[in-house]
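Worksheet for the structure shown next.
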Amino acid sequence: MSSIDTYGFVNAKMRARLGKAREEAVTEALLRAPTLVDAIAALRPTRYAALARSYDQSGDIQSIELVLLKMEIALYREIAQYLDGVEGRFVAELLGKIEIDNLKNSIRLWYSSIIHRRPIRHRSEYLFKEVILHPVDWTALINALSWDGVVEATANTPYHPILPEYTEGSLREEGLFQLESRLDRVWYEEIRKATAWLKKTDRQKALELLDQEIDLKNLLILVRYGWYHRLEAKELLSLLLPWGEVFKSKEVNRYIETPKENRSASELLSQFLPDEQRVGDHSAVEEVLRIEELLAQNQKRAYRRLLGGDPFTIGVALAYFFLNKEEFRRIKAILNGKYYGFDEGYIRGVIG
Amino acid sequence: MNLFTKPMRLLTAVVLQQRSDQVVKALLQLGVLDFIHISRLEADQLAKLSSKPSTTNRVVLEDLRGRVEALLKQGHLALPGESTLDVSLLAEPQVDAYRAVLDELTQTLLALKERQKVANQALLGVEEMRRYLAESKWQYLDLRVGSVKEGKSEQLEEKLSPYGAFVEPIDEEFVTVLSLRRDLAQIDPLLDKFGWTEESDPLLQKQAVVLVRTRLETEHQKLIDKRGEIEQSVKRAIAERKEELHAIWSNLRLNELSDQIKSYFSYTRNTTLFSGWVPADQAESVRNAIVEASGGQCVVEWTEATEVPRESVPVAVTSPKVLEPFQNMVNNYATPEYGTVNPTIFVMIAYLSMFGLMFGDVGQGLVLLLVGLFGSRSYRRNPEKKEGLLTRNVTNLLVYLGLSSMLFGALFGSYFGLPLLPPLWFNFEAAVEGHAPATALVRDVYGILGITIRFGIIIIYTGLVLNWVNLFRKKSFVPMLLDKNGVVGGVLFGTGIYMAFGFVGSSYRSFPSDPWIIPTLVICLILLFAKPYVQHFVDLKQGRTDKTFGQVAAGSIMEFLVDVLEIFTGYLSNTLSFMRVAGLGIAHASLMGTFKYLQSMVGGVAGVLIFIAGNLLVIVLEGLSAGIQSLRLNYYEFFSRYFTGRGIAYRPVGLKRSSSDNR
């Protein structure tokens, strides 16, 4: 089967949808809406009408977030179905990212309930509890009375061997950060393994994109935890994802080895993003936010470039998912912003 | 209905500035002026004119109107249509007051939504327990029976409420507590505070299960009702302000339109000047309206469409409401040139004939007709209904398609594929299956192909004739006579047809050798070759060209070769393209034949079901194919002969929209 046979139909479909999404300009309409009521009305004539219906019924923005998550999962499944074969399997595997995020959310809820002893009542009902990719027993997880119960709920999934590395005591002591980083790493391990199913061109394209994403994530970790939180070299190294150019580079090695008080985020970034604006005279928190925004913009540009390239590779599907995810993220952020009464300018600043 | 596009006149008017608001109202009410910017005046005159910034920002008006619409939609109320606008109510927009009304209502709604959110969250908590109970997932639940020694059970329930736990009295002494096991670490200390004493009587335990089940059901229903009630309150809160919202919407919309009109105005110190196109038959009423609104202090001048370049005149076409589906087909393609034929009626005839030939069946046509009638009725009864797969336009079109299909079905004697009555023309299915009687008008598929080719020839010639009429009206006599779609092209096409039919008539052995054929072909080709030269001569005479003879000569050879190629291949392919009509018709008859055969093989109820399913499949698939192919033949084979689509649509500003402005 040629790449045109594989991607011809799905490419046309995805592009048509992207075109329609551009026409609808949903996020722009949401931003311009003066209140949440107006923002919800702006959703009604669009492909997000289900969100408005959900809000009408519940009055709760969290219900909208659940609908968006369901839409995102359905999107991956639909494209996987159109692609069939190894490409379809690979796309389905991409759901692993959503699954890990859902797992992290569930563990956070469990943590809140069992470790912090806070009621999680309705919040548990806003979790997605169906099978995403692996048979995680979500209900058992959030109802687990101990960490062992959480581990048990992930039986027969790639997360099961990871979770016993942590104990209730260690989590109580250190929080969830290390565990979440570890789960993120599992996702990259799994998806990199899955690229082996693909044909050469697709494999290269997928790995290239993953490495780009990993590079940006590693830069973010280096800035946030190496420069802002000033973690020790060993701790910092353990957080990095062991792939991509950034991880392998001498500059990063040097940066990690530099005494934590003397690390320079500006110098580090200039090595990898020479065209970007230098780190300015903002406060450290603002600086981290600005760098995060800068890296996110970089990633967005990379995916947009993909759409202009060869239309018959897995890259177009990956770009499509990314752009949709971006839109979902923006919608969530804007609606939350409107709910809390922030003005248009402020929300624009936050969502980038 | 006009056979041609409506004649237009260009109005230029000067009124006193102090009367300009009244003039705007009058023009809005009439809604027939397609404004243009004053740009054709001399530069020194233009310099004396100025445009005034609008007193109200149109974006603000639009935003406010958007907010009103958002609220009405939130209340599931219909938006007021433009037809409800009354220009006499046009008033200065009270932007701040409107904003205050909208803010107040929005705050009310947000407060209600907050209450709805709380109710919904409580409901979710109950649903979780209810689900575990229904699925017997006792491992997540904690049900205990006991007594409260300190304090009252109501107080205990209040303390446990953040965890969604229920306390239900069993009798005067004992109560049951239902909670989630994951919350036990927090619930146990609370129970201890109330001096909780556990009771292990199995009878009481059983009673407790029944009681909590009932309690959960009651709570669940109560919360659903509460949530629904709040949703109704939201609707009520908006409905109560409906009149006010409609009034605000109307005034905002009127002001937007008024501002739109004023944006075309230019001003001197004391006067206002504007210009726009009006259908000639409306010119007098526009003049009267301006004179009346300005108290006679105005100057109105008219310029005829013939005095300005044709391509700058907007095109208004009027078709009766019943022809709307076909008008939309034309509009979807393009706007005809000013002064040319309005193709709607021809499209209707051609489209319905093609569809009928491809999909002739009385029964299936009746189904289309009924779907169309019910669909149209449903949209008429519920004007706010969201358009689905069968849009308003499609349901209207289905009525015509159904009638066409029924007519041709009667001609072919086909009733749901069954020959219930003798055909009025010929039995299509019998011709396809090869068992038509020897006396039949059409006995085989070749006969059917012949009919559709003849039909195609009629369509192409109709297109050519319309093209000649258009060119004659445009006074483009050279292309009318010498172009490939002109008379020369028509003669060549006719000669080709004569030769083709002669060839078929001789059982594909020889072409006719009539003595007039060769001279006709030669003369036509010479005329075709001469066209650029004749055109150049005419253009030179009228001073419309600066091309040299050499340039014309250089281009003429290539043009001639392309034209000849297009005539011989284009006409041939266009004509043969109509064989698809036969193809679809044959496929339709074959499919029905197959389903009838399957039905006879299976028999009984299953056979009837196969027959019904077959008919449904044919209606959906063949109906769709026939509809698309008819559209394609109209757009490519028919329109390409005469329809340039170079017109610009007439778009008047007003409260009502003309039928040509529906796009």
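The values are calculated or read from the model by the stated rules, or taken from the named source; none is laboratory data. All of these numbers come straight from a predicted model, not from anything done at the bench. In this analysis, Cβ positions are derived from the backbone assuming ideal geometry, glycine residues included, and neighbour counts consider all displayed protein chains.
Restricting attention to segment A:304-335, the residues that are free of Cβ contacts under 8 Å to residues at least 24 places away in the same chain and in a helix (DSSP H, G or I) total 7.
Condition check ((1) assigned to a strand (DSSP E or B); (2) over 22 Å from B:Gly125 (Cα atoms)) across all residues:
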residue	(1), (2)
B:Arg182	no, no
B:Leu191	no, no
B:Ser258	no, yes
B:Leu273	yes, yes
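Scanning segment A:162-212 for residues that are of a type in the set (S, T, N, Q), in contact with a Leu (Cβ under 8 Å, 6 or more places away or on another chain) and farther than 30 Å from A:Ser112 by Cα yields one hit, A:Thr195.
Scanning segment B:442-484 for residues that are assigned to a loop (DSSP other than H, G, I, E, B) and over 21 Å from B:Tyr533 (Cβ atoms) yields B:Val442, B:Arg443, B:Asp444.
Within segment B:74-100, restricting attention to residues that are in a helix (DSSP H, G or I) and crowded, with 20+ Cβ neighbours inside 10 Å, which residue is farthest from the other protein chains (Cβ to nearest Cβ)?
B:Tyr98
Among the residues of segment B:157-178, those identified as more than 20 Å from B:Asp201 (Cβ to Cβ) and either in contact (Cβ under 8 Å) with a residue 24 or more places away in the chain or at the interface with another protein chain (Cβ under 10 Å from one of its Cβ atoms) (or both) are B:Lys159, B:Leu160, B:Ser161, B:Pro162, B:Tyr163, B:Gly164, B:Ala165. Of the helices (runs of 4 or more DSSP H) that lie entirely inside segment A:1-106, those containing 1 or more residues that are away from every other protein chain (no Cβ under 13 Å) span A:3-24, A:26-32, A:49-58, A:61-83, A:85-93. Residue count for segment B:451-496 under the criterion of being touching a Cys at 6+ places or on another chain (Cβ under 6 Å) and surrounded by fewer than 21 Cβ atoms within 10 Å (Cβ to Cβ): the result is 1. Being at pLDDT below 95 and surrounded by fewer than 19 Cβ atoms within 10 Å (Cβ to Cβ) holds for only one residue in A:Asp101, A:Asp84, and it is A:Asp84. Within the set of pairs 6 or more residues apart or between chains, which connect a residue that is at the interface with another protein chain (Cβ under 7 Å from one of its Cβ atoms) inside segment B:103-128 to a residue that is assigned to a helix (DSSP H, G or I) and of a type in the set (Asp, Glu) with Cβ atoms less than 7 Å apart? Close Cβ pairs (under 7 Å, with a partner that is assigned to a helix (DSSP H, G or I) and of a type in the set (Asp, Glu)) amount to B:Gln116/B:Glu231; B:Leu124/A:Glu125; B:Glu127/A:Glu125; B:Glu128/A:Glu125.
Of the residues making up segment B:132-142, those that are facing chain A (nearest Cβ under 10 Å), within 24 Å of A:Ser63 (Cα to Cα) and exposed (fewer than 14 other Cβ atoms within 10 Å of the Cβ) number 1. Which residues, taken from segment B:407-429, are hydrophobic (A, V, I, L, M, F, W, C), surrounded by fewer than 22 Cβ atoms within 10 Å (Cβ to Cβ) and not in a loop (DSSP other than H, G, I, E, B)? Once the filter is applied, which keeps residues that are hydrophobic (A, V, I, L, M, F, W, C), surrounded by fewer than 22 Cβ atoms within 10 Å (Cβ to Cβ) and not in a loop (DSSP other than H, G, I, E, B), segment B:407-429 yields B:Leu407, B:Ala410, B:Leu411, B:Leu418.
Across segment A:147-156, not a single residue is classified as under 21 Å from B:Trp138 (Cα atoms), in contact (Cβ under 8 Å) with a residue 24 or more places away in the chain, at the interface with chain B (Cβ under 10 Å from one of its Cβ atoms) and out of contact with any strand residue (DSSP E or B) (no Cβ under 9 Å at 6 or more places or on another chain). Considering segment B:242-276, the residues that are among the basic types (Lys, Arg) and either in contact with a strand residue (DSSP E or B) (Cβ under 7 Å, 6 or more places away or on another chain) or at pLDDT 90 or above (or both) include one that is surrounded by the fewest Cβ atoms within 10 Å (Cβ to Cβ), namely B:Lys242. Condition first: more than 26 Å from the chain's Cα centre (by Cα), surrounded by fewer than 19 Cβ atoms within 10 Å (Cβ to Cβ) and touching a residue at least 40 places away in the same chain (Cβ under 8 Å). Can you find one or more residues in segment B:549-565 that meet it? No: zero hits. Can you confirm whether segment B:334-342 contains a residue that is surrounded by fewer than 15 Cβ atoms within 10 Å (Cβ to Cβ) and touching a Leu at 6+ places or on another chain (Cβ under 7 Å)? No: zero hits.
Could you check segment B:197-230 and list, in sequence order, the residues that are under 30 Å from B:Leu110 (Cα atoms) and away from every other protein chain (no Cβ under 14 Å)? If the condition is that a residue be under 30 Å from B:Leu110 (Cα atoms) and away from every other protein chain (no Cβ under 14 Å), then B:Leu216, B:Glu217, B:Thr218, B:Gln221, B:Lys222 are the ones that fit.
Residues that are assigned to a loop (DSSP other than H, G, I, E, B) and either under 58 Å from the mean Cα position of the chain (by Cα) or at pLDDT 95 or above (or both) within segment B:106-157 comprise B:Glu135, B:Ser136, B:Lys137, listed in sequence order.
Please work out if B:Ser577 is modelled with pLDDT of 90 or more, of a type outside the set (A, V, I, L, M), exposed (fewer than 13 other Cβ atoms within 10 Å of the Cβ) and within 29 Å of B:Ile457 (Cα to Cα). Give the derivation first.
On the way: modelled with pLDDT of 90 or more: yes; of a type outside the set (A, V, I, L, M): yes; exposed (fewer than 13 other Cβ atoms within 10 Å of the Cβ): no; within 29 Å of B:Ile457 (Cα to Cα): yes.
It is false that B:Ser577 is modelled with pLDDT of 90 or more, of a type outside the set (A, V, I, L, M), exposed (fewer than 13 other Cβ atoms within 10 Å of the Cβ) and within 29 Å of B:Ile457 (Cα to Cα).
Kindly check whether there is at least one residue in segment B:576-590 that is among the hydroxyl-bearing types (Ser, Thr, Tyr) and free of Cβ contacts under 8 Å to residues at least 40 places away in the same chain. Looking for residues that are among the hydroxyl-bearing types (Ser, Thr, Tyr) and free of Cβ contacts under 8 Å to residues at least 40 places away in the same chain, one finds none in segment B:576-590, hence no. Being over 22 Å from B:Leu160 (Cβ atoms) and either within 16 Å of the chain's Cα centre (by Cα) or within 14 Å of chain B (Cβ to nearest Cβ) (or both) is a description that does not apply to A:Ile114.
The set of residues from segment B:214-241 being of a type in the set (A, V, I, L, M) and buried (at least 19 other Cβ atoms within 10 Å of the Cβ) comprises B:Leu216, B:Leu223, B:Ile230, B:Val234, B:Ile238.
Within segment A:119-164, restricting attention to residues that are out of contact with any Phe, Trp or Tyr (no Cβ under 9 Å at 6 or more places or on another chain) and acidic (Asp, Glu), which residue is modelled with the lowest pLDDT? Among them, the one singled out is A:Glu125.
Residue by residue, here is whether (1) under 20 Å from the mean Cα position of the chain (by Cα); (2) surrounded by fewer than 19 Cβ atoms within 10 Å (Cβ to Cβ); (3) free of Cβ contacts under 8 Å to residues at least 40 places away in the same chain holds:
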| position | (1), (2), (3) |
| --- | --- |
| A:Gly59 | no, no, yes |
| A:Ile64 | yes, no, no |
| A:Ala80 | yes, no, yes |
| A:Lys97 | yes, no, no |
| A:Lys129 | yes, yes, yes |
| A:Ala140 | no, yes, yes |
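Here the condition is being outside any helix (DSSP H, G or I), of a type in the set (D, E, K, R) and under 32 Å from the mean Cα position of the chain (by Cα); of B:Arg641, B:Arg651, B:Arg580, B:Arg632, it holds for B:Arg651 alone.
Can you tell me which residues in segment B:179-192 are surrounded by 13 or more Cβ atoms within 10 Å (Cβ to Cβ) and more than 14 Å from chain A (Cβ to nearest Cβ)? Listed by number, the list holds a single entry, B:Leu191.
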